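Novice: For reference, the structure I am asking about is given below.
The values are calculated or read from the model by the stated rules, or taken from the named source; none is laboratory data. Remember, it's a predicted structure, so these values are computed and weren't measured experimentally. Here the Cβ positions follow ideal geometry from the backbone for every residue, glycine too, while neighbour counts run over all protein chains shown.
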Amino acid sequence: MSSAPGSEVGGTTTLVVRVENKAGVLARVAGLFARRGFNIESLAVAPTDDERFSRLTIVVGVDAAPMEQVVKQLDKLVNVVDIQELNPAASVERELMMVTVRADSEIRGQILDLVRIFQATVLNVGYDEIMVSLTGSPSRVDDFEDLLRPYGIVEVQRTGKVALPKLVKSTPDPLAP
Amino acid sequence: MKMNGGQALMKALENEGVDILFGLPGGAILPVYDPLIDSSIRHVLVRHEQGAGHMAEGYAHATGRPGVAMVTSGPAATNIVTPLCDAYMDSIPMVVVTGQVPYAAIGTDAFQECDTTGITMSVTKHNYLVTEAADIPQVIHDAFYIATTGRPGPVLVDIPKDIVDPNNPRSAMEWYTPDSHDLPGYLPNIAGDAELIRQAAKLICEAERPVLYTGGGILKSRGAEALLELAEMTGIHVVTTLMNRGGFPDDHPLCLGMPGMHGNYTAVTAMQEADLLIALGARFDDRVTGKVGEFAPLAKVIHVDIDSAELGKVRRPDVAIQGDCRVVTEELVKALKEMGGSDAQPDRNQWRSRISGWQERFPLTYEQSKGDELLKPQYVLEQLRDSTPDDTIVASGVGQHQMWTSQYWKFNHPYTWVNSGGLGTMGFAIPAAIGAKAGRPDRMVWAVDGDGCFQMTAQELVTAATEGFPIKVALINNAYLGMVRQWQEMFYEERYSEVYLTRDVPDYKMWAEALGCVGLKVESPEEVGPAIAQANEINDQPVVVEFRCEAEENVFPMVPAGMSNSDVVVDPSQRDRPR
């Protein structure tokens, strides 16, 4: 397990947990949070390139300090292979949102302006509603959702964020062992 | 070799070296009880599934080998949850096999169905729901590996009926002998970091008031010899927690005995005053530390544990070493030898004389009963201790009698103390003593039990009587839930709420006889010795000796819950002595 210092911002922690792709593993992981009364804010689960494993991206609304014990307990689960605590400054995060907004013919144009500005996608159009999607950093998705809200959000579904660590930019030190 | 899942289960257990199985059959596990008849494994038929679990624990405590229990689905599985949790808290290697309704019926509220793996997820080190007969050999092999390596613990294997039922085609499988484990998330590390061990050795050589704070990890890792060598080479005193009684000989001059809430004054105080705690396989439990913020305030801490989650959980260590207690202790001894061995240890005469001063002023003490008073439990335990072989195995329940046993017994051999530490499970003593006797038939086994505990699991004495386990039970009958009574006396202004059990109901002597045991009743100090001698002579039947004890005797010393260890309350007769 590697843990980056300062991986906690605004009282949330992002964990990327690689687990065996087996029945019941998600319940074991979720149980460790539930037992302590920690709410999972978002959770994304999918198999990795190696089908034996799945990757869980878990966002918990808890500071890094109380999380330390949870992370150690997670690491003890037989089905958990490794855990990374992701520092938002050192990782790339993406989230997908699908949202249906009220859009009668008078205001549809204003919504399409926002869609253009955010490079969102129109998925479906109804008589007085429009469904759009946006993929982006969680804060950009938040902004888009905030701007749509005054028009009247009918339904919104966000995936929860997925993340990978940023890549090394500098060239390796040729003298390093 | 073609066989069915039930046969494969038996063969897999045999291959893991299982010689005894504690269990009780029922619907879902029924097919496995048929190949059991042809197996080399001895089965002990318990009277309640909780008993099977505690027997498996007692067996593991006394032998170091994993205990194994097998019960059916539903209520049997829920009945064994308490022993699973007990074993999880005390890191006892145990494998429990439970029956389950047929795979296709899972989730339909079938008869005697319960979500066993769901219920036991948080009280096992790991658990399995086996869905195919072909998985049985590998799962059993993995289950024993997980239960016995790293930090030991209980593993549960839930087996649907269809994959072990010869009448069901889903049970057909081809036997194979697994020779490896595919557990990418489970790689227990044994060796400690060499540099950290050197740092620890350096701290030891600098410490003026060091204490070895030794926990269950010493016994689990078979590290008692290494601990003895470390203590003798450095001359450092040893406290043995409730989970490590016997891990260092009580008769050794360096032994300070048990620390904590009801620990010896000297053990508690030496830790409070120490400048270095060397914690080996101990977990800074609240019953040891008292108020954590005021625990051993002057001490640096070296913490060795196989489980990295223990390092820094309660107290931030100065040197944290993840590794097996025995291996790390041996390496620590080597590192200390390289630094000069005992010659490199500073002069600690002043510290030693402080320790012996505490020992002289605050020994364990009680007042012998006078006139027509009933027995003092401490007197009973002293007599029992002095009239039984040195390597007697003692099991206890939970409460006052447990604390008195730990205080007054002299544990001079590892694996002679069988007890429920972390979970504090009343009723543990009798089934655990049976399990210990099953594992060590050569040893005398005494269960020290309270009257509250006895009434929870006494039915297992039938198991002891019929299966041939001649254990002996010292029943400390004080007519109360004694520890709760003590708390109500001390902290609830003597307002006694629901703690009186009655003195004469049940009639323990008659009950013992009805359960197939010899029953004895002792009321006066003169009768104690002869009754113990009589019990010790009986080897073909369990014996229950009821010692009728004073109700108002309290356990001292005591650190009241939430208080600092510096505020330890000593026996009333010692309260005016200078600390």
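Novice: Output yes when any residue across segment B:369-379 is assigned to a loop (DSSP other than H, G, I, E, B) and either at pLDDT 95 or above or crowded, with 23+ Cβ neighbours inside 10 Å (or both), and no when none is. Step through it out loud before you land on a result.
Specialist: Filtering segment B:369-379 down to residues assigned to a loop (DSSP other than H, G, I, E, B) leaves B:369-374, B:376.
Filter once more, keeping what is either at pLDDT 95 or above or crowded, with 23+ Cβ neighbours inside 10 Å (or both): B:374, B:376.
Within segment B:369-379, one or more residues are assigned to a loop (DSSP other than H, G, I, E, B) and either at pLDDT 95 or above or crowded, with 23+ Cβ neighbours inside 10 Å (or both).
Novice: Can I ask one more? Filter segment A:52-62 for residues that are within 11 Å of another protein chain (Cβ to nearest Cβ) and either part of a loop (DSSP other than H, G, I, E, B) or of a type in the set (D, E, K, R) (or both) and give the result. Break it down into steps so the answer makes sense when it comes.
Specialist: Going through segment A:52-62, the residues within 11 Å of another protein chain (Cβ to nearest Cβ) turn out to be A:52-53.
Once the filter is applied, which keeps residues that are within 11 Å of another protein chain (Cβ to nearest Cβ) and either part of a loop (DSSP other than H, G, I, E, B) or of a type in the set (D, E, K, R) (or both), segment A:52-62 yields only A:ARG52.
Novice: Still on this model: Out of all the residues in segment B:189-211, which are exposed (fewer than 14 other Cβ atoms within 10 Å of the Cβ) and in a loop (DSSP other than H, G, I, E, B)?
Specialist: Matches in segment B:189-211: B:ASN189, B:ALA191, B:GLU208.
Novice: Please indicate, with yes or no, whether at least one residue in segment A:104-112 is crowded, with 18+ Cβ neighbours inside 10 Å and within 14 Å of another protein chain (Cβ to nearest Cβ).
Specialist: no
Novice: Inspect all residues belonging to segment B:484-505 and state whether any of them is closer than 30 Å to B:PHE22 by Cα, surrounded by 13 or more Cβ atoms within 10 Å (Cβ to Cβ) and among the acidic types (Asp, Glu).
Specialist: Filtering segment B:484-505 for residues closer than 30 Å to B:PHE22 by Cα gives none.
No, because not a single residue in segment B:484-505 is closer than 30 Å to B:PHE22 by Cα, surrounded by 13 or more Cβ atoms within 10 Å (Cβ to Cβ) and among the acidic types (Asp, Glu).
Novice: Take the residues in segment A:28-51 that are among the aliphatic types (A, V, I, L, M) and either within 12 Å of chain B (Cβ to nearest Cβ) or in contact with a Cys (Cβ under 6 Å, 6 or more places away or on another chain) (or both), then tell me which one is farthest from A:VAL78 (Cα to Cα). Steps first, answer last, please.
Specialist: Taking segment A:28-51 and keeping what is among the aliphatic types (A, V, I, L, M), we get A:29-30, A:32, A:34, A:40, A:43-46.
In the following step, the residues that additionally are either within 12 Å of chain B (Cβ to nearest Cβ) or in contact with a Cys (Cβ under 6 Å, 6 or more places away or on another chain) (or both) were identified as A:29-30, A:32, A:34.
Numbers: A:VAL29: 11, A:ALA30: 14, A:LEU32: 13, A:ALA34: 18 Å.
Among those residues, the one meeting the criterion is A:ALA34.
Novice: Another question, if that's okay. Inside segment B:144-188, can you point out the residues that are assigned to a helix (DSSP H, G or I), more than 24 Å from A:ILE83 (Cβ to Cβ) and free of Cβ contacts under 8 Å to residues at least 60 places away in the same chain? Spell out how you get there, then give the answer.
Specialist: Quick first cut of segment B:144-188, residues assigned to a helix (DSSP H, G or I) only: B:144-148, B:161-163, B:169-171.
Add one more test, that the residue is more than 24 Å from A:ILE83 (Cβ to Cβ), and what stays is B:144, B:148, B:161-163, B:169-171.
Within segment B:144-188, B:PRO169 is the sole residue that qualifies.
Novice: Filter segment B:491-521 for residues that are aliphatic (A, V, I, L, M) and within 28 Å of the chain's Cα centre (by Cα) and give the result.
Specialist: Filtering segment B:491-521 for residues aliphatic (A, V, I, L, M) gives B:499, B:501, B:505, B:510, B:512, B:514-515, B:518, B:520.
Passing the criteria: B:VAL499, B:LEU501, B:ALA512, B:LEU515, B:VAL518, B:LEU520.
Novice: Let me ask something additional. What number of residues within segment A:32-48 are assigned to a helix (DSSP H, G or I) and surrounded by 14 or more Cβ atoms within 10 Å (Cβ to Cβ)?
Specialist: Step one: of segment A:32-48, the residues assigned to a helix (DSSP H, G or I) are A:32-34.
Pick out the ones that are also surrounded by 14 or more Cβ atoms within 10 Å (Cβ to Cβ) and you get A:32-33.
Going through segment A:32-48 one residue at a time, the tally reaches 2.
Novice: Would you please name the residue that is farthest from B:ILE393 (Cα to Cα), looking only at residues in segment B:43-82 that are hydroxyl-bearing (Ser, Thr, Tyr) and part of a helix (DSSP H, G or I)? Steps first, answer last, please.
Specialist: Going through segment B:43-82, the residues hydroxyl-bearing (Ser, Thr, Tyr) turn out to be B:59, B:63, B:72-73, B:78, B:82.
Subset that is part of a helix (DSSP H, G or I): B:59, B:63, B:78, B:82.
On the way: B:TYR59: 11, B:THR63: 11, B:THR78: 29, B:THR82: 23 Å.
The residue in question is B:THR78.
Novice: Since B:VAL543 meets every condition but one in (1) under 26 Å from B:GLU367 (Cα atoms); (2) buried (at least 17 other Cβ atoms within 10 Å of the Cβ); (3) β-branched (Val, Ile, Thr), which condition does it not meet?
Specialist: Only one criterion is unmet by B:VAL543, namely (1).
Novice: Now a separate question. Mind telling me which of the residues B:GLU527, B:GLU493, B:GLU513 ends up being on the phi > 0 side of the Ramachandran plot and out of contact with any Leu (no Cβ under 8 Å at 6 or more places or on another chain)? Break it down into steps so the answer makes sense when it comes.
Specialist: Numbers: B:GLU527 fails: on the phi > 0 side of the Ramachandran plot; B:GLU513 fails: on the phi > 0 side of the Ramachandran plot.
That would be B:GLU493, the only listed residue that is on the phi > 0 side of the Ramachandran plot and out of contact with any Leu (no Cβ under 8 Å at 6 or more places or on another chain).
Novice: Okay, moving on. Please go through segment B:174-191 and give me each residue that is away from every other protein chain (no Cβ under 14 Å) and hydrophobic (A, V, I, L, M, F, W, C), ordered by number.
Specialist: Start the filter on segment B:174-191 by keeping residues that are away from every other protein chain (no Cβ under 14 Å), which leaves B:174-180, B:190-191.
Residues satisfying the conditions are B:TRP175, B:ILE190, B:ALA191.
Novice: Residues of segment A:72-86 being within 9 Å of chain B (Cβ to nearest Cβ) and of a type outside the set (Lys, Arg), which ones? Show your work before the answer.
Specialist: Step one: of segment A:72-86, the residues within 9 Å of chain B (Cβ to nearest Cβ) are A:72-73, A:75-82.
If the condition is that a residue be within 9 Å of chain B (Cβ to nearest Cβ) and of a type outside the set (Lys, Arg), then A:GLN73, A:ASP75, A:LEU77, A:VAL78, A:ASN79, A:VAL80, A:VAL81, A:ASP82 are the ones that fit.
Novice: Select from segment B:115-136 the residues that are facing chain A (nearest Cβ under 10 Å) and assigned to a helix (DSSP H, G or I) and write down the one among them that is farthest from B:PRO93 (Cα to Cα).
Specialist: B:GLY118
Novice: Got a sec? Which of A:ARG149, A:ARG158 is under 22 Å from A:GLU41 (Cα atoms) and in contact with an Asp or Glu (Cβ under 8 Å, 6 or more places away or on another chain)?
Specialist: Values: A:ARG149 fails: in contact with an Asp or Glu (Cβ under 8 Å, 6 or more places away or on another chain).
Result: A:ARG158 is the single residue among A:ARG149, A:ARG158 that is under 22 Å from A:GLU41 (Cα atoms) and in contact with an Asp or Glu (Cβ under 8 Å, 6 or more places away or on another chain).
Novice: So which residues in segment B:94-114 are farther than 18 Å from B:ILE80 by Cβ and more than 14 Å from every other protein chain (Cβ to nearest Cβ), if there are any at all? Can you show your working first?
Specialist: Step one: of segment B:94-114, the residues farther than 18 Å from B:ILE80 by Cβ are B:102-111.
Scanning segment B:94-114 gives B:PRO102, B:ALA104, B:ALA105, B:THR108, B:ASP109, B:ALA110, B:PHE111.
Novice: Being assigned to a loop (DSSP other than H, G, I, E, B) and over 24 Å from B:PRO414 (Cα atoms) is true for just one of B:ALA309, B:ALA320, B:ALA296. Which residue is that?
Specialist: On the way: B:ALA309 fails: assigned to a loop (DSSP other than H, G, I, E, B); B:ALA320 fails: assigned to a loop (DSSP other than H, G, I, E, B).
After ruling out the rest, the residue left standing is B:ALA296.
Novice: What are the residues in segment B:83-93 that are part of a loop (DSSP other than H, G, I, E, B) and within 14 Å of another protein chain (Cβ to nearest Cβ), if any? Before you say what the answer is, go through the steps one by one.
Specialist: Our first condition is that a residue be part of a loop (DSSP other than H, G, I, E, B); within segment B:83-93, this holds for B:90-93.
Listed by number, the list holds a single entry, B:SER91.
Novice: Also: Within segment B:152-175, how many residues are surrounded by fewer than 19 Cβ atoms within 10 Å (Cβ to Cβ) and in contact with a strand residue (DSSP E or B) (Cβ under 8 Å, 6 or more places away or on another chain)?
Specialist: First pass over segment B:152-175, keeping only residues surrounded by fewer than 19 Cβ atoms within 10 Å (Cβ to Cβ): B:166-169, B:172, B:174-175.
Checking the rest, the ones that are also in contact with a strand residue (DSSP E or B) (Cβ under 8 Å, 6 or more places away or on another chain) come to B:166, B:172, B:174-175.
Residues in segment B:152-175 being surrounded by fewer than 19 Cβ atoms within 10 Å (Cβ to Cβ) and in contact with a strand residue (DSSP E or B) (Cβ under 8 Å, 6 or more places away or on another chain): 4 in total.
Novice: Another question, if that's okay. What number of residues in segment B:290-335 are within 15 Å of B:THR214 (Cβ to Cβ) and among the charged types (D, E, K, R)?
Specialist: Total meeting the criteria: 5.
Novice: Can you say whether B:ARG326 is at pLDDT 95 or above, surrounded by 19 or more Cβ atoms within 10 Å (Cβ to Cβ) and farther than 19 Å from B:LEU276 by Cα, as far as the supplied structure shows? Talk me through it step by step, then tell me what you get.
Specialist: Numbers: at pLDDT 95 or above: yes; surrounded by 19 or more Cβ atoms within 10 Å (Cβ to Cβ): yes; farther than 19 Å from B:LEU276 by Cα: yes.
Against the criterion (at pLDDT 95 or above, surrounded by 19 or more Cβ atoms within 10 Å (Cβ to Cβ) and farther than 19 Å from B:LEU276 by Cα), B:ARG326 qualifies.
Novice: What about A:ALA65, is it within 14 Å of chain B (Cβ to nearest Cβ), out of contact with any Pro (no Cβ under 8 Å at 6 or more places or on another chain), among the hydrophobic types (A, V, I, L, M, F, W, C) and surrounded by fewer than 20 Cβ atoms within 10 Å (Cβ to Cβ)? Before you say what the answer is, go through the steps one by one.
Specialist: Details: within 14 Å of chain B (Cβ to nearest Cβ): yes; out of contact with any Pro (no Cβ under 8 Å at 6 or more places or on another chain): yes; among the hydrophobic types (A, V, I, L, M, F, W, C): yes; surrounded by fewer than 20 Cβ atoms within 10 Å (Cβ to Cβ): yes.
Taking the combined requirement at face value, the residue satisfies it.
Novice: Only one residue in B:ILE29, B:ILE41, B:ILE37, B:ILE80 is of a type outside the set (Lys, Arg) and touching a residue at least 40 places away in the same chain (Cβ under 8 Å), so which one is that? Write out each step before concluding.
Specialist: On the way: B:ILE41 fails: touching a residue at least 40 places away in the same chain (Cβ under 8 Å); B:ILE37 fails: touching a residue at least 40 places away in the same chain (Cβ under 8 Å); B:ILE80 fails: touching a residue at least 40 places away in the same chain (Cβ under 8 Å).
Testing whether each residue is of a type outside the set (Lys, Arg) and touching a residue at least 40 places away in the same chain (Cβ under 8 Å) leaves just B:ILE29.
Novice: Moving on to the next point. Please count how many residues of segment B:293-334 are among the hydrophobic types (A, V, I, L, M, F, W, C), more than 14 Å from every other protein chain (Cβ to nearest Cβ) and farther than 20 Å from B:ALA194 by Cβ.
Specialist: Count: 4.
Novice: Continuing with this model, one more query. Take the residues in segment A:87-101 that are surrounded by 17 or more Cβ atoms within 10 Å (Cβ to Cβ) and in contact with a Pro (Cβ under 7 Å, 6 or more places away or on another chain); name whichever of them is nearest to the other protein chains (Cβ to nearest Cβ).
Specialist: A:SER91
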